[in-house]
Structure formats: C-alpha cells, structure tokens
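Everything below concerns the one structure shown next.
The values are calculated or read from the model by the stated rules, or taken from the named source; none is laboratory data. These figures come from a predicted structure and were not determined experimentally. When we count neighbours, we look across all protein chains shown, and the Cβ atoms used for this are built from the backbone with ideal geometry, even at glycine.
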Amino acid sequence: MTIVPPLLRLARPEDVDAVTRLMASESLPAVEVDEWLSSFWVLDDAGTLVGCAGIERYGDAALLRSVVVAEALRGSGEGVRMTERALTFARDDGARRCYLFTMTAPQFFSRFGFERCRLDDFEPAVRRSWQWQAISGNEALAEQVIPMRADL
C-alpha cells in the first residue's frame, strides 16, 4: 500500500481560516496572513490543511514565517519539504538573505543554513515587518525568541 503525501500548493483565499487555526495550534500569531497569502504554502491532505509556511519579501531579503505541520505528520519530512519550497520561492524571487524567529526549533532551521543572529543584525527593510516590530518593542518577548539568518 502506497501512502500519498499531502499536496503542497500555494494557499488560496479560502484557506485563510484553516491557516489561522494551524498557526494558533502552535501559538503563532496569525497576523497579516491575508496580506502575504500569495507567498504562503499549505499542505492539503484531501481537503484538510495539515501544514503551512510563508514568506514575506522585503527588498533583497525575506522573512520565513509560520512553518507549522500537524502533529500527526511531524517527523515525516513534510516540514522540510515546505521549508525548502518557501526558501526556493524566496531565492527565485530575488531574495539574497532570509531571516526568521523561532522559540523552539533552531536545530530544525539550522539544516537550511540558518544561524543565530541578533535583532540588530536584521537589515533595515526587514525591520519594517510586523514580527520585527513586535519583538523589538517587547523586551520580554525578545528574550524568548531566537532570531536567525541564512544567505540564500
């Protein structure tokens, strides 16, 4: 018996509620999903969304956000597949660097070339992102998150 992996596809407007629920299930803020929907990918398992990942572009840089895989699929490689797709999109779209924030998964992201950095290392264009603004303006939150950067 062959198990068919979920379809990895670009998100559509009708996916916003499901993406928001996925993000909330991992305590991720579902901010500006609508604004960046054209660069969000979802894992579609026969009509049920079981994963998401998004890219926000800021000039020569990108911000990887909201990488979530349903608990039942963790360890299956689907998170890797989504992350690779998002980073390929960012690279193909002209981004030279990518940033992210994580609280729990620095080892996961290090396999894609991400290294820890400081908030001050984020280039000015990326500092316009809602994530950078929220984290840099909240000292307690800034102490909890791990900023990371990778060259694409």
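In this structure, does A61 turn out to be in contact with an Asp or Glu (Cβ under 6 Å, 6 or more places away or on another chain), touching a residue at least 60 places away in the same chain (Cβ under 8 Å) and either surrounded by 14 or more Cβ atoms within 10 Å (Cβ to Cβ) or not charged (D, E, K, R) (or both)? It is true that A61 is in contact with an Asp or Glu (Cβ under 6 Å, 6 or more places away or on another chain), touching a residue at least 60 places away in the same chain (Cβ under 8 Å) and either surrounded by 14 or more Cβ atoms within 10 Å (Cβ to Cβ) or not charged (D, E, K, R) (or both). Of all residues in the stretch 90-108, which are buried (at least 17 other Cβ atoms within 10 Å of the Cβ) and in a helix (DSSP H, G or I)? Scanning the stretch 90-108 gives a single hit, A90.
Checked against (1) over 11 Å from the mean Cα position of the chain (by Cα); (2) assigned to a helix (DSSP H, G or I); (3) surrounded by 21 or more Cβ atoms within 10 Å (Cβ to Cβ), L87 meets all criteria but (1).
Scanning the stretch 18-48 for residues that are surrounded by 16 or more Cβ atoms within 10 Å (Cβ to Cβ), part of a strand (DSSP E or B) and not aromatic (F, W, Y) yields V42, L43, D44, D45.
Could you say whether any residue in the stretch 118-138 is under 24 Å from V16 (Cα atoms), aliphatic (A, V, I, L, M), crowded, with 18+ Cβ neighbours inside 10 Å and at pLDDT below 95? Scanning the stretch 118-138, I find no residue that is under 24 Å from V16 (Cα atoms), aliphatic (A, V, I, L, M), crowded, with 18+ Cβ neighbours inside 10 Å and at pLDDT below 95, so the answer is no. What are the residues in the stretch 109-134 that are part of a helix (DSSP H, G or I), of a type outside the set (A, V, I, L, M) and under 21 Å from S39 (Cα atoms), if any? If the condition is that a residue be part of a helix (DSSP H, G or I), of a type outside the set (A, V, I, L, M) and under 21 Å from S39 (Cα atoms), then F109, R127, R128, W130, Q131, W132, Q133 are the ones that fit. Of the candidates G137, G77, the single residue that is under 27 Å from V4 (Cβ atoms) and over 14 Å from the mean Cα position of the chain (by Cα) is G77.
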